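Q: Before I ask anything, here is the structure I am working with.
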Amino acid sequence: MSAAVNAEPLQDRAESLSRRFAEVYGQEPDGVWRAPGRVNLIGEHTDYNNGFVLPFAIDRSALVAVRLRRPDQDPEDEADVVRLASTYGQKGRGLSHARFRTGGLVPGAAEGWGGYPAGVVYALQQRAGVSVPGFDLLLDSTVPVGAGLSSSHAVEVAVIVALNDLLGLGLDRAGMARLTQYAENEFVGAPTGIMDQSASLMGQDGGALFLDCRSLDAENVPLPLADHGLEVLVMDTRVAHSHADGGYSARRSACERGAAALGADSLRDVPADADLSGLDAEVQRRVRHVLGENQRVLAVVEELRRGNVDGIGELLVASHASLRDDFEVSCPELDLAVDAALAAGALGARMTGGGFGGSAIALIRAETENEVRAAVLAAFEDKGWKEPALFTVLPAAGAGRL
């Protein structure tokens, strides 16, 4: 499938979601907002170490239709009620439902996917001092769940940009990124960094977001894939993963222990050539990955600034090797996808996202897409593994109202 075929008919989706909202809630929504998923080109597990990342927003997104409750139209006893419905992952015209109250909201008050909008409300209340009224929301998304493309953050970002607009909060993009990170960390309970929200909020068409995760200084670096006859092929292994599990937390803890042992507040403050021999073997491997990955991000950015998009492949391959061997967050399916793509002519390939499953990406020439696809599918079939989902993505604009 070509990248052009993957382009989303956003206006059609928005109009369809508005109509469905009216069917579900009996009222028209106040508007529809979009937030994209993201692919991380390079810079994995560096974000919560205050390092550098290079993601790009993709042309797959979460859409939310929202209507605030109004004293003159809604029952007084439902002034703080939030009703949620989602088409996401449902068959036919089925919906998934959730509900919570904004008053007295505490972590654990909303379960399942409803925890993501609830977490945003909680963050606005706790960190921004906002009194959030009740509202109705209908969600639709084309970001695959569990693929490492930040489907949950897309939902959170769509909700916060909607509430920011509807309540006239005047929050800037960096502020919304920090609030959604707080929602993820404190309410959802996943110790993620700030990369995913930032990419979804700050992405631009045809560019990758070079983000300093300590200062949140951001630069959109040109990523003109089509101009160079290139594509990014996403290879979703369909292996489930969860950032809230012990594997992710254990890696973050090892990084913190490594920084402390080296006398630094975070690994961002540790020189790339630091002597790691005093660390225990596991922590040494984790630290080595982060230090090396930061340098690889900087190197890719320099290549892209020079217009050398073709020349970043080897750095992607090196990133995957480090994630596999030093950070140990890859898995056999991700390794197979990377190896098969490279053998079929990909310029570079690596796992993307937190790991333990999810997706890998391959930088490929457009004319070799069919060969790379066939090779990856054949490799999985030979192993008797579930067929991966393969699709190309383009750098897309960040979140906003449609």
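Values quoted throughout were computed directly from the atomic coordinates according to the rules given, and no laboratory measurement underlies them. Predicted, not measured: the structure shown is a model, and the values here were computed from it. Cβ atoms come from the backbone with ideal geometry, glycine included; neighbour counts cover every protein chain shown.
Q: Given H placed on each backbone N at 1.01 Å, which residues far from Ala349 in sequence or on other chains put an amide H within less than 5 Å of it?
A: Val317, Leu363
Q: Would you please classify the overall shape of region 148-226 from the alpha carbon gyration tensor, given that a ≥ b ≥ c denote the square roots of the eigenvalues, rounded means a/c under 1.5, and beyond that prolate means a/b larger than b/c while oblate covers the rest?
A: Since a/c reaches 1.5 and a/b is larger than b/c, the shape of region 148-226 is classed as prolate.
Q: Still on this model: Please give the FRET efficiency for Trp385 paired with Ser131, using the beta carbon to beta carbon distance and R0 = 56 Å, rounded to the nearest 0.05.
A: So, using R0 = 56 Å, E works out to roughly 0.65.
Q: Let me ask you something else. Give me a comma-separated list of calculated 3J(HN,Hα) values for region 62-69, in order, Karplus coefficients 6.51, -1.76, 1.60 applied at θ = phi - 60°, integers in Hz, x for any Gly or Pro.
A: Along region 62-69, the couplings run 9, 10, 10, 9, 9, 9, 6, 6 Hz.
Q: Tell me the relative contact order for region 252-384 as a rounded percent, counting alpha carbon contacts under 8 Å between residues six or more apart.
A: Answer for region 252-384 is 17 percent.
Q: Please return the longest stretch of the chain lacking exposed loop sites, where trypsin sites (Lys or Arg not before Pro) count only if DSSP places them in a loop and at most 15 other Cβ atoms lie within 10 Å.
A: By the stated rule (loop sites, at most 15 other Cβ atoms within 10 Å), 94-305.
Q: Is the C-alpha gyration tensor of region 138-271 telling us rounded, prolate or oblate? Criteria: a/c under 1.5 is rounded; beyond that, a/b larger than b/c is prolate, otherwise oblate.
A: rounded
Q: Starting from the amide H of Ile58, placed 1.01 Å from N in the peptide plane, find each other amide H under 5 Å away whose residue is 5 or more places distant or on another chain.
A: HN-HN under 5 Å from Ile58: Gly37, Arg38, Val39, Ala396.
Q: Between Ser96 and Ala374, what is the label-point separation in nm under the 7 Å Cα-to-beta-carbon projection?
A: So the label points at Ala374 and Ser96 sit 3.7 nm apart.
Q: Shape of region 317-402 from its Cα gyration tensor (a ≥ b ≥ c, root eigenvalues): rounded if a/c is under 1.5, otherwise prolate when a/b > b/c, or oblate?
A: oblate
Q: Spelling out what I want: for every residue of region 374-380, take phi, set θ = phi - 60°, compute 6.51 cos²θ - 1.76 cosθ + 1.60 (Karplus), and round to whole Hz; glycine and proline get x.
A: Running phi through 6.51 cos²θ - 1.76 cosθ + 1.60 with θ = phi - 60° gives 4, 5, 5, 4, 5, 5, 5 Hz.
Q: Report, to the nearest 10°, how far helix 173-182 tilts away from the longest principal axis of the Cα atoms in the chain, using its own Cα long axis and a range of 0 to 90°.
A: In the chain, helix 173-182 runs at an angle near 90 degrees to the longest axis.
Q: Would you please give the residues with an amide H less than 5 Å from that of Val82, counting only those at least 5 places away or on a separate chain, with H modeled from the backbone geometry?
A: Phe100, Arg101, Thr102, Phe135
Q: Rank Val132, Val159, Val232 by mean-square fluctuation in a GNM of the chain with C-alpha springs under 10 angstrom and give only the top-ranked residue.
A: Val132
Q: List, in order, the whole-Hz ³J(HN,Hα) value for each residue of region 120-134 obtained from phi through the Karplus relation with A = 6.51, B = -1.76, C = 1.60 and θ = phi - 60°; use x for Gly and Pro.
A: My calculation for region 120-134 gives 5, 4, 4, 5, 4, 6, 7, 9, 10, x, 8, 8, 8, x, x Hz in order.
Q: Follow-up. Measure nothing but the geometry: give the 0 to 90° angle between the long axis through the Cα atoms of 281-305 and the longest principal axis through the Cα atoms of the chain, rounded to 10°.
A: Here the helix axis deviates by roughly 80 degrees.
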